[in-house]
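The values are calculated or read from the model by the stated rules, or taken from the named source; none is laboratory data. In this text the structure is predicted, and so the values were computed from the model without any measurement. Reconstructed Cβ throughout: ideal geometry from the backbone, glycine too, with neighbour counts over all protein chains shown. Surface areas here come from the heavy atoms of the whole protein model, side chains and all, with no ligands, DNA or RNA. Shrake-Rupley method; radii C 1.70, N 1.55, O 1.52, S 1.80 Å.
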Amino acid sequence: MVLNPQENGLDFCTWNYQQNQTWKGSLDCVTFEKNAIKQKLLTLDQPCHIIRLSGKIGITNDGYLVNIDHHSSNVPELLATLPPIHLQQFGDPKFLNTYGVKYAYMTGAMAGGIASEEMVITLGKEQILSSFGAGGLPPERLETAIQNIQKALPYGPYAFNLIHSPNEPNIERRTVDLYLKYGVRIVEASAFLDLTPNIVYYRIAGLSLNSTNQIEIKNKVIAKISRREVATKFLQPAPDRIIKELLAQGLITELQANLASKVPMADDITVEADSGGHTDNRPLVCLLPSIIALRDEIQAQYNYTIPIRIGVAGGIGTPESALASFMMGAAYIVTGSINQSCVESGACEHTKKLLAQAEMADMIMAPAADMFEMGVKLQVLKRGTMFPMRAQKLYELYRTYDSIEQIPSAEKEKLEKQIFRKSIAEVWEGTAAYLSQKSPEKLGKAVNNPKLKMALIFRWYLGLSSRWSSSGEKGREVDYQIWCGPVMGSFNNWVKGTYLALPENRHVVDIANQIMIGTAYLYRIQNLKIQGLQIPNELTNYSPKQ
């Protein structure tokens, strides 16, 4: 039976079950007005009781439940009830315990220091895990970041990114050496196509036995993946071949080598869906269940003492997406693109303004600097910048010709005037000077390999364009490379008309709190719907509150 619509829009469908309890308390604490009802629902640390009195449906956080006395008359009819809910209840509590955080929520790394020291420290002080964007930074810059973050957060929580560099494995190695030197205990591994000796070295170097003869894993790995075959590698122990290599090199001990066969490569797997930067544009609703099932299959095989947790990233930027992720079984959620538009981000003000104006359709895939020759692409903002088109033009030229000299004169002129804004000779001179200091072996190869030389010249533009976006390079605004996923548009739609519409009001801690509060509110709404309450649309949404 469906009641006639109420003045406040609340209806109730009975499901033909016998209610054995009713509510008892002061009727003065029952509200029937919409705005007041929303406030009652937002009082998360108190229960919510939905009652019908004299044909009107109202809500209260007060009173208590009693068994029905069928001889009593004029008692309120209890329609639905909700227990208190705490934000710590979402996700896997072991994630909170392992990393010493208050939410199953973290912010992911954005390369080039976009996920900045300020961002990591600000979140860490509020017991929210954040990963520093180490990708693409020189060792001395990374070392300074480690020192700054460890000084501000001596007890954590914080994480550092380790990005896969297939063309420059020495960069990975130098990064791992720094993490081990300074005792960085949480690494977010991203963009890996396969396990490398470097990530395995970091993992195994932190293995030991504690006083009770149990394996202690000091170096935690949160692996960000989007493919089952890559997930499988992180869900299993390190390969014997790499373990033997590390042992032969004296980098690990015999004990650590033996322990390595008993623990997985990762503590947590972040399933990355349609994200900014490196992405396979996978749909989360398909990918997450698949990886959870894979985890369960491998857990049954190895019987790890602590099962690997599966979290999600890519497309998480509203309470709706967060709740959907938790309801699908995510142990934690990771936000990315939305944090780039925040005050604490390492992006420049112009970039933040462009991000705050973005719609969901304003993203496009463009060639990646770090894996240019492989044809790997990443997701970037196309609104307000010509980088995607210019980067694609460079890749087309790379595929068509075998050397700079083969490119027609008219095309080379366009490169120099429109994209490089300097001669090709000047670009190569600057590139060669850089490589002579950072990678002399690659410079030696390029001198005798015209195709590689052309790729390095093109990568000059691809590499600098992302730095211009961070530094705010004047006159290069149309060339800014801004890594971003469609979630930026959905976040902007969510905060439209609120104080968070302006980038100067966006703070990473506030956004984390708003998303988690909104998640809990929407969970309550869905719970009431399942119990039969029909709720007007204006009560089913959560908008950020100052």
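For region 457-505, give the percent of accessible area contributed by carbon and sulfur heavy atoms, probe 1.4 Å, rounded to a whole number. Ligands and nucleic acids excluded, carbon and sulfur give 54 percent. A 1.4 Å probe run over region 300-412, with the rest of the protein chains in place, finds 40 Å² accessible per residue. Placing unit charges on the Cβ atoms of the charged side chains and taking the dipole of the chain about its Cα centre, the candidate lying farthest along the positive direction among Pro239, Pro47, Asn448 is Asn448. Taking amide H atoms as placed 1.01 Å from N in the peptide plane, the amide H of Glu188 lies under 5 Å from those of Phe160, Asn161, Leu162, Ile222, each 5 or more residues away in sequence or on another chain.
Per residue, the solvent-accessible area of region 99-196 (1.4 Å probe, heavy atoms of protein chains only, all protein chains present) comes to 36 Å². With contacts taken as Cα pairs under 8 Å and at least 6 residues apart, region 297-428 reaches a relative contact order of 12 percent.
In terms of the mean number of neighbouring beta-carbon atoms within 10 Å, the peptides 517-523, 304-310, 48-54 order highest first as 517-523, 48-54, 304-310.
In this model, which of Lys352/Lys417; Lys422/Lys445; Lys377/Lys474; Lys40/Lys529; Lys353/Lys393; Lys352/Lys438 are farther than 20 Å apart at the alpha-carbon? Checking Cα-Cα distances, Lys352/Lys417; Lys422/Lys445; Lys377/Lys474; Lys353/Lys393; Lys352/Lys438 exceed 20 Å.
With both residues required to sit in region 172-278, DSSP beta bridges show an antiparallel share near 25%. Expressed as a whole percent, the accessible surface of region 318-387 that belongs to carbon and sulfur atoms is 59, based on a 1.4 Å probe.
Computed over protein heavy atoms with a 1.4 angstrom probe, the accessible surface ordering of Leu251, Leu539, largest first, is Leu251, Leu539. When each of the peptides 384-391, 356-363 is scored by how many other beta carbons lie within 10 Å of its residues on average, the order from highest to lowest is 384-391, 356-363. With the helix formula -39500 (n - 2.57) applied to DSSP H stretches of n ≥ 4, the chain reaches a computed 222 nm mean residue ellipticity of -12500 deg cm²/dmol. Our note on the geometry: Cα centres of region 289-310 and region 351-371, 34 Å apart.
For the chain, what are the DSSP H helices with axial Cα length of 18 Å or more and mean Kyte-Doolittle hydropathy of at least 0.5? Membrane-span-like by this criterion, though nothing is claimed about a membrane: 284-302, 508-530. When you restrict to C-alpha pairs under 8 Å that are six or more residues apart and normalise by the size of region 357-507, the relative contact order lands at 35 percent. Note on the chain: antiparallel DSSP beta bridges, both residues inside, total approximately 55 percent of the bridges counted. Annotation: aspartates and glutamates with alpha-carbon distance below 14 angstrom to Lys34 (same-chain offsets under eight excluded): Glu7, Asp11, Glu538.
Remark: region 44-147 carries a charge dipole of roughly 200 debye about the Cα centre, counting +1 on each Lys and Arg Cβ and -1 on each Asp and Glu Cβ.
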